[in-house]
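See below for the structure under consideration.
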Amino acid sequence: MAVLQIATRPFADQRPGTSGLRKKVRVFQQPHYLENFVQSIFNAIPDRAGKTLVLGGDGRFYNREAIQTILRMASANNWGKVIVGRGGFFSTPAVSAVIRARMAHGGIILSASHNAGGPDHDFGIKYNTANGGPASEKITEAIWSASKSLQSYRILDDADIDIDTDGTSILGEMQIEICDPVAEYARLMEHIFDFDALRRLLQGPFRMRFDALHAITGPYAHKIFEACLGAPAGTVVNGTPRTDFGGGHPDPNLVYAKSLADHLFAENAPDFGAASDGDGDRNMILGRQFFVTPSDSLAVLAAHATVIPAYRQGLKGIARSMPTSQAVDVVAEALGVAHYETPTGWKFFGNLLDAGKITFCGEESFGTGSDHIREKDGLWAVLAWLSVIAHTERSVADIVTQHWQRFGRHYYTRHDYEELPAEIGEQIMRSITAQLPILSGHTLAGRSILTADDFAYTDPIDGSISTHQGLRLLFTDGARLIFRLSGTGTEGATLRIYHEHLEKDPRRQRQDPQRALHDLIQIGRDLTRIETLTGRKTPTVIT
Ligand code: VG1
Ligand code: CO
């Protein structure tokens with residue numbers, strides 16, 4: 001089998017975003033496009049020879065083709081071994097778990113997460129390092145820089161490999177191991193949680209519905225909830241991954257997981273509902289007629305962490321991304337542990353987790369996780385909620401409303417304006433940036449601004465600095481208004497506006513967040529001049 005050295009020319013658009021490189025499938029299908037990016041990853045990992053790589057994806061369109069290419073390139077680039085999930089499947093948290101359990105050097109995840117899949121939609125590729133987490137900015141910038149000067153890539157001249165049968169084989173000089181994508185992950189969950197307590201809950205009158213949205217968590221959820229924990233068959237719906245996710249957006253929120261929300265808000269609703277995203281790292285938690293805001297979910301889980309065996313000793317510290325509400329900070333203070341505020345994206349939690357500074361972390365974008373791996377973890381969050389329910393014997397609604405009574409309610413909402421013309425997105429951010437100096441000390445709609453800034457983060461472990469991570473208006477009463485452009489979209493610009501306000505009075509904690517945050521929402525619309533500039537009267541998605 002010959003190693004081919006194929007001449008190529010750089011593509012100008014291969015800079016990884018918040019979570020790897022995400023593009024339309026047809027962009028990836030251009031000759032050499034995928035190969036160039038994979039070679040750029042390998043070039044940024046110079047010590048790869050003889051090492052082990054984990055490989056898999058969420059099963060979206062182009063997953064299987066990409067796996068074949070990557071395997072042949074991995075062999076030609078001297079990797080020692082590649083561990084592939086059977087059928088090319090691995091959820092993002094499972095890749096993280098397998099990298100750690102098998103002490104692999106890194107992993108490649110093929111996914112565009114919650115973005116739609118299919119020939120006309122999105123594909124993505126991301127590199128994770130030996131700790132199981134997304135590559136740091138230093139590495140992603142090295143990948144980008146390699147992509148800009150790439151002249152050739154190495155690939156084995158060989159036929160396709162069988163990725164559907166468990167076992168090991170040899171490709172060139174490299175070993176390939178095809179394994180069950182679920183087993184290692186399920187073992188880890190069993191280690192963290194009290195499966196006997198969860199069995200008692202799920203085999204009793206308690207009813208849950210888990211919607212896998214035709215994405216990767218289906219096989220994991222069938223195995224864990226139904227096979228291991230004994231929940232009745234039918235608990236998991238839409239549990240077979242499809243290359244186009246059944247035509248929907250595999251995004252667990254009230255808009256894209258509407259059918260699940262409808263079930264939970266119906267007359268005979270089950271006690272508990274949950275969904276995950278395309279690659280299995282996000283989660284949405286619902287109770288009967290009750291939606292749990294992700295920022296609250298993190299805070300509630302932190303407050304109850306010790307009911308879970310793996311966290312019985314308590315939490316070392318907690319981190320949240322900057323736009324995530326401050327609800328968890330209040331819990332950390334009550335627990336007497338440190339809390340950290342990082343930029344958006346899981347890669348920023350890695351150093352804090354590795355250094356043992358934090359045990360839990362989360363993002364407002366339906367991401368929750370712990371130090372068990374280095375990715376957010378959808379099914380872990382569901383199991384954590386079930387553990388709290390089993391222990392407290394209370395409903396989701398009671399758990400959350402009691403949390404608010406004790407810690408205050410951080411009303412929270414994010415408004416997304418998707419697919420804006422890229423230059424309008426930039427213009428809005430530039431114009432608010434220019435106003436920051438005069439906004440400090442200013443009063444808007446009766447609220448005075450304490451600070452207005454462009455968020456920058458200094459990593460407390462390695463001292464690296466990340467700038468331009470979102471524009472913040474911090475009000476004197478603790479309210480916040482934040483503006484960011486998405487780093488995961490594949491079409492135009494997505495503007496995200498995050499609104500937050502703390503209400504300590506229990507008598508005022510039962511409002512609709514859109515009402516309670518009405519004045520902040522108006523300030524956001526005025527400052528961005530969104531309607532004037534784009535004609536948009538309402539956001540594309542409200543979460
Ligand atoms: C979004 C979320 C961010 C999350 C990222 C990856 O990024 O806001 O919190 O970490 O997606 O999640 P952005 O740059 O579009 O705001 V996933 O499940 O897409 O890997
Ligand atoms: Co995801």
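The values are calculated or read from the model by the stated rules, or taken from the named source; none is laboratory data. Just so it is clear, the model here is predicted, and its values are computed rather than measured. Neighbour counts are summed over all protein chains in view; Cβ atoms, including those assigned to glycine, are modelled from backbone coordinates with ideal geometry.
Observations on the structure shown:
- Condition met for Gly124 (assigned to a strand (DSSP E or B) and surrounded by 20 or more Cβ atoms within 10 Å (Cβ to Cβ)): yes
- Looking only at residues in the stretch 278-303 that are in contact with a strand residue (DSSP E or B) (Cβ under 6 Å, 6 or more places away or on another chain) and part of a helix (DSSP H, G or I), the one that is farthest from ligand 2 (Cβ to nearest atom) is Ala302.
- Here the condition is being at pLDDT below 95 and out of contact with any helix residue (DSSP H, G or I) (no Cβ under 9 Å at 6 or more places or on another chain); of Thr433, Thr458, Thr490, Thr443, it holds for Thr443 alone.
- Residues satisfying the stated conditions in the stretch 200-226, i.e. more than 27 Å from Gly56 (Cβ to Cβ) and assigned to a loop (DSSP other than H, G, I, E, B): Gln203, Gly204, Pro205, Phe206, Arg207
- Filtering Thr532, Thr528 for residues that are more than 28 Å from the chain's Cα centre (by Cα) and β-branched (Val, Ile, Thr) leaves a single hit, Thr532.
- For the stretch 384-400, taking the residues that are within 24 Å of the chain's Cα centre (by Cα) and over 12 Å from Arg200 (Cα atoms), the one that is surrounded by the fewest Cβ atoms within 10 Å (Cβ to Cβ) is identified as Val388.
- Only one of the listed residues (Gly239, Gly280) is of a type outside the set (S, T, N, Q) and surrounded by fewer than 23 Cβ atoms within 10 Å (Cβ to Cβ). That residue is Gly239.
- Within the stretch 304-421, helices (runs of 4 or more DSSP H) holding 3 or more residues that are more than 16 Å from ligand 1 (Cβ to nearest atom): 327-335, 378-392, 396-407
- Taking the stretch 7-26 as the range and being crowded, with 17+ Cβ neighbours inside 10 Å and either within 21 Å of Arg64 (Cβ to Cβ) or charged (D, E, K, R) (or both) as the test, the residues that pass are Gly20, Leu21, Arg22, Lys23, Val25.
- Taken over the stretch 520-532, the criterion of being farther than 10 Å from Leu481 by Cβ and crowded, with 16+ Cβ neighbours inside 10 Å is satisfied by Arg525, Thr528, Ile530.
- Residue match in the stretch 461-476 (condition: in contact with a Gly (Cβ under 8 Å, 6 or more places away or on another chain), surrounded by 14 or more Cβ atoms within 10 Å (Cβ to Cβ) and not acidic (Asp, Glu)): no
- Of residues in the stretch 101-142 being of a type in the set (D, E, K, R) and touching a helix residue (DSSP H, G or I) at 6+ places or on another chain (Cβ under 9 Å), the one nearest to ligand 2 (Cβ to nearest atom): Lys126
- Residue within the stretch 100-107 that is within 16 Å of ligand 1 (Cβ to nearest atom), under 20 Å from the mean Cα position of the chain (by Cα), outside any loop (DSSP other than H, G, I, E, B) and modelled with pLDDT of 95 or more present: yes
- Residue in the stretch 147-165 that is without any contact (Cβ under 8 Å) to a residue 12 or more places away in the chain and either under 26 Å from the mean Cα position of the chain (by Cα) or in the same structural domain as Asn36 (by TED's automatic domain parsing) (or both) present: yes
Listed here are the residues, each with its yes/no results for (1) aromatic (Phe, Trp, Tyr); (2) in contact (Cβ under 8 Å) with a residue 12 or more places away in the chain; (3) surrounded by fewer than 20 Cβ atoms within 10 Å (Cβ to Cβ).
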{"residue": "Arg484", "(1), (2), (3)": "no, yes, no"}
{"residue": "Gly489", "(1), (2), (3)": "no, yes, no"}
{"residue": "His499", "(1), (2), (3)": "no, yes, no"}
{"residue": "Leu502", "(1), (2), (3)": "no, yes, yes"}
{"residue": "Asp505", "(1), (2), (3)": "no, no, yes"}
{"residue": "Gln514", "(1), (2), (3)": "no, yes, yes"}
{"residue": "His518", "(1), (2), (3)": "no, no, yes"}
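- Test: residue in the stretch 52-60 that is within 28 Å of Gly248 (Cα to Cα), charged (D, E, K, R) and either in contact with a helix residue (DSSP H, G or I) (Cβ under 6 Å, 6 or more places away or on another chain) or away from ligand 1 (no atom under 16 Å from the Cβ) (or both): no
- For Thr52, the requirement of being touching a Gly at 6+ places or on another chain (Cβ under 8 Å) and not assigned by TED's automatic domain parsing to the domain that holds Phe245 is met.
- The condition (being more than 30 Å from Glu341 (Cβ to Cβ), within 16 Å of ligand 1 (Cβ to nearest atom) and crowded, with 21+ Cβ neighbours inside 10 Å) is satisfied by just one residue among Phe225, Phe210, Phe245: Phe245.
- One residue stands out in the stretch 316-375 among those that are β-branched (Val, Ile, Thr) and surrounded by fewer than 24 Cβ atoms within 10 Å (Cβ to Cβ): the one that is nearest to ligand 2 (Cβ to nearest atom), namely Thr359.
- Residue within the stretch 409-416 that is under 21 Å from Lys126 (Cβ atoms) and touching a Lys or Arg at 6+ places or on another chain (Cβ under 9 Å) present: no
- Filtered residues of the stretch 189-199 (kept if assigned to a helix (DSSP H, G or I) and either within 9 Å of Leu386 (Cβ to Cβ) or hydrophobic (A, V, I, L, M, F, W, C) (or both)): Met189, Ile192, Phe195, Ala197, Leu198
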